[in-house]
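One structure is given below, encoded as structure tokens.
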Amino acid sequence: MKANCWTGRNTVEVLDVPEPSILNSRDAIVRITSTAICGSDLHLLDGYVPTMEKGDVMGHEFMGEVVEVGSGIDADKLRVGDRVVVPFPIACGACGACRAELYSCCENTNPNAGLSEKFFGHPTAGIYGYSHLTGGFAGGQAEYARVVLADVNALKIGSDLDDEQVLFLSDILPTGYMGAEMCDIQEGDVVAVWGAGPVGQFAMDSARVLGAEKVIAIDKETYRLDMATAEGYTAVDYEDVDVRSALLELTGGRGPDKCIDAVGMEATHGASHVQLYDRAKQAARSETDRPHALRQAILSCRSGGVVSVIGVYGGLIDKFPAGAWMNRSLTLRTGQCHVQKYMKPLLGLIEQGKIDPTRVITHRLPLSEAPTGYELFKNKADNCEKVVLRP
Amino acid sequence: MTADTRSTSRLRHDPLVRGLGWASALLGVPQVVDPAGFARALGVGDGSRQRLTTAAVGVRELAAAAGLLWRPRPAWLWGRVGGDLMDLAALARALRNHDGRGLGRTVAATAAVTVITATDVYAAVTRTRRSAPMELTATTTVAGRPDEVYDLWTDLERLPDFMAHLEDVRVTGPRTTHWRASAPFGRTVEWDAEVTRDVPGRLIAWRSADGADVDNSGEVRLAPAPGDRGTELQVTLRYDLPGGALGKTAARYFGEEPHQQLDDDLRRFKQIVETGEIVRSEGAPGGKRARGEFPQHPARPLTEGELKEALT
Ligand SMILES: NC(=O)c1ccc[n+]([C@@H]2O[C@H](COP(=O)([O-])OP(=O)(O)OC[C@H]3O[C@@H](n4cnc5c(N)ncnc54)[C@H](O)[C@@H]3O)[C@@H](O)[C@H]2O)c1
Ligand SMILES: [Zn+2]
Ligand SMILES: [Zn+2]
């Protein structure tokens, strides 16, 4: 079959690979009907996530039709022919983390837990197509994929919603929602979102659904800011203005009540010397992540507010504003999304028409053109916001 | 370190080690008290250089004696071996430049030092290996009540399902089992074990019977985790590595990353308890045989050949 593979820093190629087979009794094989490229894939493409190997199949946002199930799966849970969306973190449903609904911290699904523990202090869950640090699972930018512990992970779609309406339940919609939910939004809250990529857009939509009074989008890509203003959010271009002053101006000098970092480790900075400092340290591997958005969010947030981090960080950062964070009683909340917790309620919101996930899709390409999709998405070319691939 | 005190106390009652300690003392005293007389007795002459060398050797002998008799450690035995080699070198030099007077005595002294060297090497080698006990501990929390987890663990024949180095465990009697484990270079080590303590739902301990390739013992303690989070499981394994090639290979094997290995064993046990089996990925498809080595298999579906290798 065809699959989009990582073949080295800055290159992905569509290659012929074997079709997946059942390795565990609770596996299922899915024929993929739609899959997408995520901002997290860019971190892998750019080589900022360690333990990628040549030939790894990329992709953690996918859905399709079940074509085979392992012997350990009850027919009333899942059967051949079911249409499913697959959450990107692999959860077991039975460990302490899963029982606490911290699915992306599942204690059982990462065969390389020993390695992950060395990086993070405690191991994290397996993730499809997302380096060997998260288990070395083949990804879903392919014609077929193996779904692990499929009976407790795959979400069956019974209704006739089409792929584009439900595909993002696999990752970015729950991620944006969790970013807003962690903000514990109260009446009258102003929520600022760094990053107007697909994750940021869904964080904004979710903040509104959860009752935010005003939502502010921060980015430098005009077309992405335009997408936000079209939804009624206020735009701040960090290349044009000083972000902290702009936010103070928009909030009567208080600062946003809640701040969401939907940028992560490859943030760029308006002030070129700061950008250069972090870029150089990152290149020399003495800092793995560039935390401009995170620093700014902490400094801008009102005292006692919440900084909610859904942008991905992989290692170490410099100049973390611990003083601002500590002295001003800020709450920092984080996590890879616990997708399984949000899929069903969000499917409900889609069915009720309260959230329209299709609004972020700008490009639809065949799987064979995945490398072009990566180029467009990475370089923000052709006003690219989100690429959906069709095998 | 508990291991250290244990080996120290054992060496203190070791007749060979004590004998070497007293021999050092007996040689050291006259060398220090009357270096000229001692040098003459060896037939190496009593010039100032010979006297100085003899006295220095005496001080070294007294230090070794004190070490071996007071705080015996393999290091002191190895120190003696080093001293012996220096003595042999000095005697060889003396033989080469000999003026003939007392030559017989120098030759006899050289022969004696050679015998002593052999004894010291023997003592150092055997005592070093004997004093290498190793203790590993690991702990995890698994879902389920202690009595349920106890039942799963005490089904000893299933231990090889998740313990990487175990090949086979067979129940041979009500309290006895036969174990087979893999060692590097395709070797296997085997032993009989018996259960030494068994408190259902709380504790099980075992130890290898006499004549095991590697003396070992282990125990698993179980306790309810606070907050209704299942069972805390604490595993302790002890290996007493004997002399001989087997001990050495085993030591190297365990020297790899023994703690990591036991941690991974427990992780797999937890996977079996909580999900029913060991989770496999395309990058690490071999289940318990995947040792977390890098580079791994790429994270792409397996070919038929790779599949066969991974699943059998
Ligand atoms: N927590 C999770 O479970 C999870 C899930 C999916 C994605 N993510 C992460 O979310 C982040 C965003 O994903 P995406 O798909 O939207 O990616 P994206 O690359 O399309 O979006 C990032 C946006 O941030 C903007 N940006 C860069 N520097 C900035 C700065 N200093 N201030 C404000 N904006 C800045 C960029 O211009 C871009 O528009 C990534 O880090 C991704 O890895 C996390
Ligand atoms: Zn993603
Ligand atoms: Zn789990």
nm² value of the averaged projected area, convex hull over the Cα atoms of the range B:131-276: 8.6 nm²
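If you wrap a convex hull around the C-alpha atoms of chain B and split its volume per residue, what is the figure in Å³? Intermediate results must be reported in sequence, preceding the final value.
Working: hull volume 59.6 nm³, N = 312.
About 191 Å³ per residue, rounded to a whole number.
Could you compute Rg(Cα) / (2.2 N^0.38 Å) for chain A, with N its residue count?
On the way: Rg = 20.0 Å, N = 391, 2.2 N^0.38 = 21.3 Å.
Relative to the rule-of-thumb radius for its length, chain A sits at 0.94.
Add -39500 (n - 2.57) for each DSSP H run of 4 or more in chain A, then divide by its residues: what number comes out at 222 nm, to the nearest 500 deg cm²/dmol?
Numbers: 14 runs with 115 residues, N = 391.
Taking each H run of at least 4 residues, the total per residue is -8000 deg cm²/dmol.
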Rounded to the nearest 100 Å², what's the accessible area chains B and A bury against each other, both chains counted, probe 1.4 Å? 2800 Å²
Straight-line reach check, residue A:2, cutoff 23 Å on alpha carbons, 8 or more apart in-chain or any other chain, hits among lysines -> A:54, A:378, A:386, B:308
List every residue whose amide H lies under 5 Å from the amide H of residue B:225, counting only residues 5 or more places away in sequence or on a different chain, with H placed 1.01 Å from N in the peptide plane. B:230, B:231, B:232
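For chain A, list the DSSP H helices whose alpha carbon atoms reach 15 Å or more along the long axis and whose average Kyte-Doolittle value is -1.0 or above?
Working: long enough: A:198-209 (16 Å, 0.20); A:272-283 (16 Å, -1.05); A:339-351 (18 Å, 0.30).
Correct list, ordered by number: A:198-209, A:339-351.
Check each of the trypsin sites (Lys or Arg not before Pro) in the range B:143-216 and keep only those in coil by DSSP with at most 15 other C-beta atoms within 10 angstrom; list them in order. Don't skip to the answer; put the middle values down first.
Details: sites: B:158, B:170, B:175, B:180, B:187, B:197, B:202, B:207; in loops: B:175, B:187, B:202.
Answer in residue order: B:175, B:187, B:202.
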Cα-based helix-to-principal-axis angle, B:48-70 vs chain B, degrees rounded to 10: 40 degrees
With runs of 4+ DSSP H residues as the only contributors, calculate the mean residue ellipticity of chain B at 222 nm using -39,500 (n - 2.57) per run, divided by the residue total and rounded to the nearest 500. -17000 deg cm²/dmol
Expressed in nanometres to one decimal, the distance between label points 7 Å along Cα→Cβ at residue A:244 and residue B:85 is 6.5 nm
Could you give me the percent of Cα pairs per 5 Å distance bin for the range A:235-324, shortest bin first, beginning at zero and ending with the bin that holds the maximum distance? 3, 15, 23, 26, 19, 10, 4, 1, 0
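How big is the charge dipole of the range B:3-126 about its Cα centre, in debye rounded to the nearest 20, if each Lys and Arg gets +1 on its Cβ and each Asp and Glu gets -1 on its Cβ?
The dipole of the range B:3-126 has a size of about 120 debye.
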How long are the three semi-axes of the equivalent ellipsoid for the range B:40-133, computed from the Cα gyration tensor as the root of 5 times each eigenvalue, in whole Å, largest first? 29, 15, 9
Over the range A:173-334, volume per residue of the alpha carbon convex hull, in Å³: 100 Å³
Each residue of the range B:94-106 in order: what ³J(HN,Hα) in whole Hz does its phi give by Karplus 6.51 cos²θ - 1.76 cosθ + 1.60, θ = phi - 60°, with x for Gly and Pro? 4, 5, 5, 9, 5, 8, x, 6, x, 4, x, 5, 5
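Given C-alpha coordinates of the range A:305-391, what is the ratio Rg to Rh with the Kirkwood estimate of Rh?
Details: Rg = 18.3 Å, Rh = 16.8 Å.
Value, to two decimals: 1.09.
Could you list the GluC sites (Glu not before Pro) in the range A:214-278 that lie in coil according to DSSP, counting only those with at most 13 other Cβ atoms within 10 Å of their Cβ? Don't jump to the answer; show the numbers that get you there.
On the way: sites: A:221, A:231, A:239, A:249, A:266; in loops: A:221, A:231, A:239.
In loop regions of the range A:214-278 (DSSP not H, G, I, E or B), the sparsely surrounded GluC sites (Glu not before Pro) are A:239.
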Report ³J(HN,Hα) in whole Hz for each residue of the range A:57-65, in order, from the Karplus equation J = 6.51 cos²θ - 1.76 cosθ + 1.60 where θ = phi - 60°; Gly and Pro get x. 7, 7, x, 10, 10, 7, 8, x, 10
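How big is the dipole moment of the protein assembly as shown about its Cα centre under a simple scheme where the beta carbon of each Lys and Arg is +1, that of each Asp and Glu is -1, and everything else is neutral? Debye, nearest 20, please. Write down the numbers at each step before the final one.
Numbers: 78 positive and 93 negative charges, 775 e Å.
Result for the protein assembly as shown is approximately 3720 debye, rounded to the nearest 20.
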With θ taken as phi - 60° and the coefficients 6.51, -1.76 and 1.60, list the Karplus ³J(HN,Hα) couplings across the range B:139-153 in order, rounded to whole Hz; mark glycine and proline as x. 8, 8, 10, 10, 5, x, 7, x, 5, 5, 5, 4, 4, 5, 5
List the residues, sorted by chain then number, that are 5 or more residues from residue A:14 or on another chain and whose placed amide H is less than 5 Å from its amide H. A:5
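Taking the Cβ of residue A:174 as the center, what net charge do the other residues with Cβ under 14 Å away carry, scoring Lys and Arg +1 and Asp and Glu -1? List each step's numbers first, then the result.
Working: positive: A:341, A:344; negative: A:61, A:101, A:171, A:181, A:205.
With Lys, Arg at +1 and Asp, Glu at -1, the neighbours total -3.
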Cα-based Rg and Dmax for the protein assembly as shown, where Dmax is the largest Cα-Cα distance (Å): 34.0, 113
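The values are calculated or read from the model by the stated rules, or taken from the named source; none is laboratory data. None of these values were measured; they are calculated from a predicted model. Here Cβ is always computed from backbone atoms with ideal geometry, including for glycine, and neighbour counts include all displayed protein chains. Surface accessibility is based on the protein's heavy atoms, side chains included, excluding ligands, DNA and RNA. Shrake-Rupley method; radii C 1.70, N 1.55, O 1.52, S 1.80 Å.
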